[in-house]
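The values are calculated or read from the model by the stated rules, or taken from the named source; none is laboratory data. The structure presented is a predicted model; accordingly, all values stated were derived computationally and were not measured. In this analysis, Cβ positions are derived from the backbone assuming ideal geometry, glycine residues included, and neighbour counts consider all displayed protein chains.
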């Protein structure tokens, strides 16, 4: 019985921890995207025409792409960890029903 308790606790802890990490990743990526968007807007306002050097533009768009990928990966990780939690709770319910 203790191995079942330990296994369920481990699965729930792993799912919860993964969900927290995914939330932190999504938050960080979102903050980076907002900051880059603000910087690009300020840069366009300062340049008047909105043009910037191609090196800066390429670097900024590369970083933006990286942040967007991080945002999507965080979202996928959150979904996966939510499924771990859901399955763990379903299994726990089945165990309780079986023992009752």
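Values as computed for the structure displayed
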quantity: Lone qualifier among 93, 18, 74 - being surrounded by fewer than 14 Cβ atoms within 10 Å (Cβ to Cβ) and either at pLDDT 90 or above or assigned to a helix (DSSP H, G or I) (or both); calculated: 93
quantity: Residue check for residue 57: out of contact with any strand residue (DSSP E or B) (no Cβ under 6 Å at 6 or more places or on another chain), at pLDDT below 95 and either on the phi < 0 side of the Ramachandran plot or in a helix (DSSP H, G or I) (or both); calculated: yes
quantity: Any hit, region 37-49, residues being outside any helix (DSSP H, G or I) and either in contact with a helix residue (DSSP H, G or I) (Cβ under 6 Å, 6 or more places away or on another chain) or at pLDDT 90 or above (or both); calculated: no
